[in-house]
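Notes follow the structure.
The values are calculated or read from the model by the stated rules, or taken from the named source; none is laboratory data. As the structure is a prediction and not an experimental result, all values here were calculated from the model. Each accessible area value is taken on the protein alone, full model and side chains, heavy atoms only, with ligands, DNA and RNA left out. Shrake-Rupley method; radii C 1.70, N 1.55, O 1.52, S 1.80 Å.
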Amino acid sequence: MTELVLPPAKLFIGGEWVEAKGGTFASENPATEETLCEVGAASAADADDAVVSAQAALAGDWGKMSPRERGKLLWRIADALEARTEEFAQVETADNGKPIFESKYVDVPAAIDALRYFAGWADKIHGDTFAVQGPFSMAYTLREPMGVVAAITPWNFPIIQAMWKIAPALACGNAVVLKPASNTPLTALKFAELAFEAGLPAGALNVVPGRGSEVGQRLVEHPDIAKISFTGSTEVGRGLMKDAADTVKRVTLELGGKSPNIVFADADLDAAVKGAYNGIFYGKGEVCAAGSRLFVEKSAHDELLEKLVERTSRLEPGDPQHPKTRLGALVSKSQRESVLGYVDVGRKEGAEVALGGKPRDVDGKGYFMEPTILTGVDNQMRVAQEEIFGPVLVTIPFEDPDEVVTLANNSIFGLAAGVWTRDIGKAHAVAAKIKAGTVWINQYNWYDSGAPFGGYKQSGFGRELGSAALDSYTETKTVWVGK
Ligand code: NAP
Ligand code: MG
């Protein structure tokens, strides 16, 4: 690994690095427990400054840029990021603990892909004309940017989550103030500088790390912010929605999940084992759409479990910067405590630990843990109802399709689901009945910039990616014309 290229301990506002009024805080490498660097801690006053600079961008060069020019600029930014894939991937891995294999081949490329996908939309967002009644009348619509958009992101996919918001918001002509998660602020800061250097006008993208309860809260309350695009926990999302009501802000929420992954006995069991494994252990299980509840038809349960345990027993935590590592460190000490706490909760509720369940280290350091499988779980247990957000799978046997649909839907969440069967009729029937924003049939954890993603129920509302995302970042104005 080459030396990490880390951002200065400042905020990126109005096209430059500025001192934070809230001092600094440390960003930790969870695999080594070392401080990577100090990061500027934005205060509420810094959030206000970022909003002023975003408004100035909208009134200036950025607001005047034509949609086609915006598209070309997003392409240039994508090219600039692509040229620095390795550098961004190394920093993402150091900050979050995820394997470099993921950062380099999934996270950074997915961020680049989102930029290119929405670059293509920039000059294709248009209104309509209508056959209205009345003499000499006509009506048409304009799709206008909302104004200043605040993006608040979590720590599990830092650069991906940032880009799923920044790319469509900029393509639609908004200015953005981004508040990254305190655990993983580094790649967003680096990206703001990269975008500016690639030609993004000053103030079109501002990045203000800092405490959610302070700088995040100020963005939610700020009267000059038109929209909050939030990805994070259901708990914080609930409070945010209430607070945004005071200024009737537009809000989209991408929240937590407890997604069912359903395996029927007639499935290709080897493919299902692989899908169940990737569904929960990819990204250390710190994945909003993780297939964390594995439902297996009784007649196939023991065989599938045996194969899954065998496969998982070969998954060893390792140095995240090593190209062969497939299981990294959990993002923080407190996250590992919380996840291990759930393993204890499961034991007390009567679940059996079929594999794993213990903390680990690599060379004496780091917040690693063993990949964990809990069996003998009932869907009503806390470990089946609450989001654990770590490499912990619970398995639940079922008898027939109606029963499993009822169990799968018995959750406050509705983010994603998986269905494994060779019976195409059954696959579609189950997909139709599952209350979730995404259903994968005979695959799991697939995404594309062109396909919408988001939740049902308390997994949130609004859709990211695809043309659906454009609705989240534009207002529709109807213009009437008389004689
Ligand atoms: P979190 O605690 O809800 O934090 C998310 C973001 O909100 C962070 O930037 C946080 O700042 C900020 N925040 C905290 N309190 C705030 C407040 N009062 N006002 C405004 N902002 C505030 O979630 P997390 O622990 O970072 O991420 C894990 C959660 O995200 C999981 O529940 C996961 O399922 C969900 N997630 C959902 C999706 C999806 O697409 N549905 C994708 C990824 C993750 P600090 O970091 O400073 O606390
Ligand atoms: Mg960190």
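Listed values, structure above:
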{"item": "Trp440 long-range amide H proximity, modeled H, under 5 Å", "result": "Ala417, Gly418, Val419"}
{"item": "Against the rule of thumb 2.2 N^0.38 Å, how large the Cα Rg of segment 260-449 comes out", "result": "0.98"}
{"item": "Stokes-Einstein D for segment 174-269, Kirkwood Rh over Cα pairs, 20 °C, 1.002 mPa s (µm²/s)", "result": "138"}
{"item": "Lysines with Cα under 21 Å of Lys10, excluding same-chain neighbours fewer than 8 positions away", "result": "Lys21, Lys179, Lys190"}
{"item": "Share of carbon and sulfur in the accessible heavy-atom surface of the chain [1.4 Å probe, %]", "result": "52"}
{"item": "Segment 260-449: relative contact order as a whole-number percent, Cα under 8 Å and 6+ apart", "result": "28"}
{"item": "Rg to Rh quotient for the chain, alpha carbon positions, Kirkwood Rh", "result": "0.99"}
{"item": "Residue-normalised accessible area of the chain, given per residue in Å² at a 1.4 Å probe", "result": "40"}
{"item": "P(r) of segment 411-483 over all Cα-Cα pairs, binned every 5 Å from zero, in whole percent", "result": "4, 14, 18, 19, 16, 10, 5, 4, 4, 3, 2, 1, 0"}
{"item": "Candidate aspartates and glutamates - alpha carbon under 14 Å from Lys124, same-chain residues fewer than 8 apart omitted", "result": "Glu69, Glu144, Asp471"}
{"item": "When each of Lys104/Lys426; Lys98/Lys426; Lys242/Lys333; Lys274/Lys358 is checked by Cα-Cα distance, pairs over 32 Å", "result": "Lys104/Lys426; Lys98/Lys426"}
{"item": "Volume in Å³ per residue [convex hull over Cα atoms, computed for segment 72-126]", "result": "69"}
{"item": "Extension gain, Thr478 back to Val52 (0.36 nm per residue minus Cα-Cα distance, nm)", "result": "150.5 nm"}
